[in-house]
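We did not get these values from a lab; they are worked out from the coordinates using the rules stated. The structure displayed is predicted, hence computed values, not measured ones. Here the Cβ positions follow ideal geometry from the backbone for every residue, glycine too, while neighbour counts run over all protein chains shown.
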Amino acid sequence: MSTTNNPVLDAQNISVVFGGLVAVNDVSFTIPEGSIVSLIGPNGAGKTTFFNVLTGLYQPTSGDVFFDGDNITGRAPHKISSGGLARTFQNIRLFGMMTAQENVMVAMHSKMKAGVWATTFRTKKQKREEAEAREFAQELLDFVGIGKTTHEYARNLSYGDQRRLEVARALALRPKVVLLDEPTAGMNPNESAAFVEFVRRLRTERGVSVLLIEHDMSVVMQVSERITVLDQGQKIAEGSPSEIKNNPRVIEAYLGKSGSEASQNVN
Amino acid sequence: MAETTKAAAPAHTENSNKKWAIGFLTVVLAIYAINKFYIPTAPAQVKTFFNAWFSLTSMGEIMIYILMALGLNIVVGYAGLLDLGYVAFWALGGYVAGWLMSGQFDQWQINFFGNPPAGLPNGIHLNFLLVLVLGGVFTAIWGVIIGAPTLRLKSDYLALVTLGFGEIIPQIMVNGEDIGGFNLTNGTKGINPVDNIKLFGHEFGPFQLADKFLIYASLAGLMIFFSLRLRDGRLGRAWLAIREDELAASMMGVPLMRTKLASYAVGATAGGVGGVAFATLIGGVYAERFNFQVSIIILSMVVLGGMGNVWGVLVGATLLAWVNNTGLVQFGNIINSATGKNIDFPSFNFLIFGVLLILMMLYRREGFLPEARVRLIMHEEEFSDVAVVTDDIEVEGVHHHEHN
């Protein structure tokens with residue numbers, strides 16, 4: 001099984017403390033190479049905080065993050081992302097007044113070389129680099145299914161297309177791992193179902209491992225190989241979808257104590 | 001469809017760039033031709049009219065302002081960093097010309113393809129083109145020196161620190177008469193005369209204003225070219241991305257500090273080149289000309305014309321520079337002679353600019369000629385705004401961290 005693969009991302013004993021608030025408490029977490037894993041938990045469980053630690057936005061109060069064998073704890077966000085750890089945002093953060101193509105090309109910045117002179121005088125190298133970047137951008141836009149929006153401003157795209165554009169932009173980093181922060185928020189059930197297929201394509205066609213933060217349980221259960229559950233900053237469960245589904249602590253976290261008893265009575 | 005989607009940019013922007021470039025070139029050549037070939041033989045009335053309303057000195061000044069406004073546009077318009085001390089770079093460039101093209105350092109006698117005044121070989125006299133390059137390099141280095149500690153600041157604080165630098169550097173020039181016994185800047189008396197420009201064996205002094213105008217116009221043209229090309233490339237995209245969403249840009253692998261510094265350095269270079277050019281235009285460098293108001297005028301040019309749009313900034317710079325150096329005086333004279341009053345109109349320039357800016361902010365925030373994308377955001381209520389339908393609960397944490 002893929003879970004026995006080497007971890008491409010390995011977070012060890014991460015804690016994050018904001019003032020007196022322990023947002024994440026001693027959480028260890030791995031993403032095996034080539035897998036699709038999910039991080040779930042009630043609102044305020046510390047999922048996004050944990051995400052922000054992985055991508056370098058927050059410094060963990062203690063603990064280490066290893067990515068692809070390197071310790072990336074405390075490394076600048078742009079170095080982590082250009083190193084192959086890409087993300088999308090829960091609240092879409094596109095460059096609204098840039099075209100879809102430009103949005104994707106921004107993410108290729110670290111892989112491109114042209115400086116002030118090459119850009120001004122359009123050297124052969126620069127032209128080739130730009131042409132390749134445009135082609136790759138188009139490939140990614142096609143991949144996420146918005147190939148016709150190339151020259152439209154991101155803010156004019158529909159909500160669903162904006163979500164897709166965020167994924168295309170993340171893929172432009174040529175990542176090993178893509179972190180998707182609540183990608184189905186605002187989608188209807190049909191779109192969510194299509195999204196499950198899309199995440200699988202991400203792995204098979206783009207060769208990336210995927211970490212999902214997701215509230216839509218049907219999506220999580222269908223697509224994940226492993227699920228980690230956070231509650232109040234702590235990891236309360238980890239395992240396959242069927243294990244998680246029947247874990248009393250998880251049910252308790254989501255439905256409360258009486259809820260968990262009720263659900264046991266039903267069973 | 002496949003062909004059109006692979007084009008570098010939407011075709012309409014390429015086309016409009018071409019139109020504007022041809023327009024700029026035509027106007028410049030027309031001004032040059034009129035002054036070079038028509039005015040010398042024209043009737044006295046025509047001469048007086050042109051001298052009063054479209055003097056070549058003011059036209060040259062406009063070109064230099066275009067150059068500098070476009071430089072500031074890279075910082076403010078492209079990268080979205082508010083710089084209130086741009087005059088510092090103008091001053092530094094001016095003094096590079098003062099140091100390297102005059103008798104200021106008369107303890108030395110250096111002449112490298114320069115043009116010392118007849119009989120006064122003392123001082124440093126380098127070639128104008130070389131000084132342009134050195135002025136640009138010197139200010140670029142200062143841009144990085146000033147930028148490195150300040151660009152980490154969030155926008156409001158950055159504006160305040162740049163404001164400080166804009167005050168400090170001219171003040172150093174004012175007080176630079178005696179730095180441990182060394183006369184660096186000649187204090188408030190300034191450095192003059194600055195050598196006449198000499199290129200390819202031709203000298204361009206105070207009487208070859210038409211040719212000098214053409215030189216300054218070429219510099220402005222070069223900056224237009226730079227601005228357009230840079231915007232379409234890797235750096236330009238990174239700048240716009242930072243302007244749009246700094247955090248997202250860094251999450252997409254854009255190194256914030258280095259990219260911001262690049263915008264600062266390019267902007268500073270334009271300021272420095274403008275400073276050198278201006279010193280040769282007026283034949284001297286005077287510390288008191290480099291005051292805070294200049295920073296504000298240049299910023300107004302960028303805002304008024306339409307932040308981020310090269311052609312908008314060009315129009316803004318032309319209008320404001322002309323109103324400032326010619327329009328106010330001339331209209332003032334007309335009004336004074338018609339009403340029999342004696343109002344000093346040029347002294348009202350900041351009242352007028354201030355009112356103009358307030359009106360702009362109230363009624364046309366995107367500037368006269370905005371970039372298409374800026375027009376979009378300024379009138380966002382007119383568009384169906386889908387991006388608002390998001391969940392902001394955990395964003396608070398992100399912002400919280402940014403300020404730490």
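Find how many whole Å separate the alpha carbon centroid of the range A:25-102 from the alpha carbon centroid of the range B:244-318. For the range B:244-318 versus the range A:25-102, the Cα centre distance is 36 Å.
Taken over chain B, the percentage of Cα pairs per 10 Å bin, counting from 0 up to the bin with the maximum distance, is 5, 20, 30, 25, 14, 5, 1, 0. Cα gyration tensor of the range B:16-143, axes a ≥ b ≥ c as square roots of the eigenvalues: rounded (a/c below 1.5), prolate (a/b > b/c) or oblate? Taking the square roots of the gyration eigenvalues as a ≥ b ≥ c, the range B:16-143 is oblate.
Residue pairs exceeding 32 angstrom between C-alpha atoms, taken from B:Lys212/B:Lys260; A:Lys127/B:Lys19; A:Lys124/B:Lys18; A:Lys125/B:Lys198: B:Lys212/B:Lys260; A:Lys125/B:Lys198. Result for chain A in a Gaussian network model with C-alpha springs under 10 Å: among A:Leu157, A:Leu39, A:Leu212, the largest mean-square fluctuation is at A:Leu157. Working from the Cα coordinates of the protein assembly as shown, the gyration tensor eigenvalues give, after taking √(5λ), semi-axes of 58, 26, 23 Å in decreasing order. Ordered by the count of other Cβ atoms within 10 Å of each Cβ, fewest first, B:His202, A:His151, A:His78 give B:His202, A:His151, A:His78. Each label was represented as a point 7 Å from its Cα along the Cα-to-Cβ direction; for B:Leu359 and A:Ser158 these points are 4.4 nm apart.
Paramagnetic label reach from B:Ser55 (point 7 Å along Cα→Cβ; backbone nitrogen cut-off under 14 Å): within the range B:291-334, residues B:322-331, B:333. Please report the net charge: other residues with Cβ closer than 12 Å to the Cβ of B:Asn186, K and R +1, D and E -1. That works out to -2. Each residue in B:Thr339, A:Thr120 was given a count of other beta-carbon atoms within 10 angstrom of its own, and listing them fewest first yields B:Thr339, A:Thr120.
Going from the fewest other Cβ atoms within 10 Å to the most, the residues B:Met59, B:Met68 appear in the order B:Met59, B:Met68. Rounded to 0.05, the FRET efficiency of the B:Phe331 and A:Val17 pair, given R0 = 51 Å and the Cβ-Cβ distance, is 0.20. Under 5 Å between amide hydrogens, built in the peptide plane, is the criterion, and for B:Ile110 it picks out B:Gly123, B:Ile124, B:His125 among residues at least 5 positions away or on other chains. As a calculated quantity, the FRET efficiency between A:Lys125 and A:Arg200 at R0 = 51 Å, using C-beta atoms, amounts to about 0.85. Would you tally the net charge around A:Leu9, using a Cβ to Cβ cut-off of less than 14 Å, leaving A:Leu9 out, and scoring K and R as +1, D and E as -1? That works out to -1. If R0 equals 22 Å, the separation of the Cβ atoms of A:Asp142 and A:Arg75 corresponds to a calculated FRET efficiency of about 0.10.
In this label model, B:Ala44 and A:Met217 are separated by 9.8 nm, measuring between points 7 Å along each Cα→Cβ vector. Label positions at B:Glu14 and B:Leu153, each projected 7 Å from the Cα along the C-beta direction, are separated by 4.3 nm. Comparing B:Ile141, B:Ile296, B:Ile22 in a Gaussian network model of chain B (Cα springs below 10 Å), the most mobile by mean-square fluctuation is B:Ile22. A DSSP coil position with no more than 13 other Cβ atoms inside 10 Å describes the following chymotrypsin sites (Phe, Trp or Tyr not before Pro) in the range B:148-218: B:Phe200, B:Phe207. With no solvent and one point per C-alpha, what does the Debye sum give as log10 I(q)/I(0) for the range B:189-285 at q = 0.10, 0.12, 0.16, 0.20 Å⁻¹? Values returned for q = 0.10, 0.12, 0.16, 0.20 Å⁻¹ are -0.43, -0.56, -0.76, -0.95. Summarised as an ellipsoid, chain A has semi-axes of 35, 21, 16 Å, derived from the eigenvalues of the Cα gyration tensor scaled by 5 and square-rooted, with the largest first.
The separation of the range A:177-209 from the range B:36-99, counted between C-alpha centres, amounts to 55 Å. Highest GNM mean-square fluctuation among B:Phe345, B:Phe138, B:Phe49, for chain B modelled with Cα contacts below 10 Å: B:Phe49.
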